[in-house]
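Worksheet for the structure shown next.
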Amino acid sequence: MFDDGSDELFGGIWPFMKRALVFFLPIWVFLICWTADLHIFISAIAAGLSLPLIQIFEKMKLKHQIESESDSDNVIK
Amino acid sequence: MSIVDWVSDIVGISAPSTLEIIFLMSGFLGTAFFLILMTMMMLGDIVGGVFDSVFDTDFTMDSDLSFELFSIQGLAAAVMMFGWVGMFTLEATDTEVYAVIVGGFSAAASMYGVGLMLKGIKNLESDGTMKHEDAVGERGQVYSRIRANESGEVQVAVDGTLRTLTARAKDKALHISTGEFIKVIDVIGNTLVVEPLSDGEELVDEEE
């Protein structure tokens with residue numbers, strides 16, 4: 001299995017944060033929408049849509065990290 | 001009397017709403033879980049210490065397990081903070097949305113705190129192995145000349161110990177003679193990438 005490097009994000013805290021976010025973020029989003037008097041159906045959809053945001057954020061951070069690393073690799077002229 | 005009524009009685013709320021029940025139970029269960037985990041960890045240390053001295057053995061918790069425990073503690077702390085801060089905000093502002101948002105941010109803050117604690121503990125680990133990365137920025141002297149586009153050897157102080165390590169010049173065409181002062185720019189594998197110290201740099205260093 002290939003290592004995608006996400007374990008090293010945020011100084012190694014990311015895997016821990018990710019699991020917590022996957023569990024808590026949809027609940028939090030649902031509660032916000034629900035208490036804002038949105039329909040429960042829309043609240044549920046909003047909660048579900050919050051999950052891909054975590055994955056997108058991870059990919060963006062990884063892409064940014066890989067780009068910055070490849071820039072600093074060209075040391076020898 | 002259900003557990004919800006019991007917790008509501010303790011906090012002093014009669015006929016709680018659905019959101020109040022969520023906050024109360026998060027706060028109560030989070031606190032209980034957090035305290036149980038802390039107690040278990042402390043008891044574990046004491047029991048482990050007793051076993052160590054009585055049976056003359058080593059009952060140590062490996063780092064993976066302790067990190068796992070800390071992460072569970074982080075989750076418990078987040079749930080606890082979400083519950084109590086949310087509850088207090090709801091009582092203070094009487095606006096449910098604010099309470100949920102503030103509760104969420106406080107949960108994130110508590111988890112961030114636990115994350116910092118994890119990082120701090122990780123930084124305390126030291127296995128005595130030399131890290132070549134620590135040589136970056138250090139100055140030293142060429143021990144065995146570095147020919148153009150070839151490797152040589154340099155002597156640099158890494159983590160307070162003078163070491164002789166393989167090095168190459170940053171500029172491929174450059175030849176650095178034995179005895180010249182150099183500065184470590186980067187590390188690739190076990191090879192240091194160095195450049196000669198300029199006169200200006202040496203002067204500044206002497207003044208320091």
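Computed quantities for the displayed model
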{"item": "A:LYS18 being within 14 Å of chain B (Cβ to nearest Cβ), at pLDDT below 80 and either outside any helix (DSSP H, G or I) or over 30 Å from B:VAL193 (Cα atoms) (or both)", "result": "no"}
{"item": "Any hit, region A:52-66, residues being among the acidic types (Asp, Glu), open to solvent by less than 50 Å² (accessible area, probe 1.4 Å) and either at pLDDT 85 or above or not in a helix (DSSP H, G or I) (or both)", "result": "yes"}
{"item": "Subset of region B:139-180 (residues that are loosely packed, with under 15 Cβ neighbours inside 10 Å, without any contact (Cβ under 8 Å) to a residue 24 or more places away in the chain and polar (S, T, N, Q))", "result": "B:THR164"}
{"item": "Near pairs, Cβ below 8 angstrom, 6+ apart or cross-chain, from region B:7-23 (touching a residue at least 12 places away in the same chain (Cβ under 8 Å)) to any residue that is exposed (fewer than 14 other Cβ atoms within 10 Å of the Cβ) and not β-branched (Val, Ile, Thr)", "result": "B:SER8/B:SER14"}
{"item": "Selection within region B:14-39 - surrounded by fewer than 17 Cβ atoms within 10 Å (Cβ to Cβ), of a type outside the set (S, T, N, Q) and not in a helix (DSSP H, G or I)", "result": "B:ALA15"}
{"item": "Flag for A:TRP28 being in contact with a Phe, Trp or Tyr (Cβ under 9 Å, 6 or more places away or on another chain), of a type in the set (Phe, Trp, Tyr), surrounded by 12 or more Cβ atoms within 10 Å (Cβ to Cβ) and at pLDDT 85 or above", "result": "yes"}
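The values are calculated or read from the model by the stated rules, or taken from the named source; none is laboratory data. Keep in mind it's a predicted model, so treat the numbers as computed, not measured. With ideal geometry, Cβ positions are generated from the backbone for all residues, glycine too; neighbour counts draw on all protein chains shown. Only protein heavy atoms, including side chains, enter the accessible area calculation; ligands, DNA and RNA are left aside. Shrake-Rupley method; radii C 1.70, N 1.55, O 1.52, S 1.80 Å.
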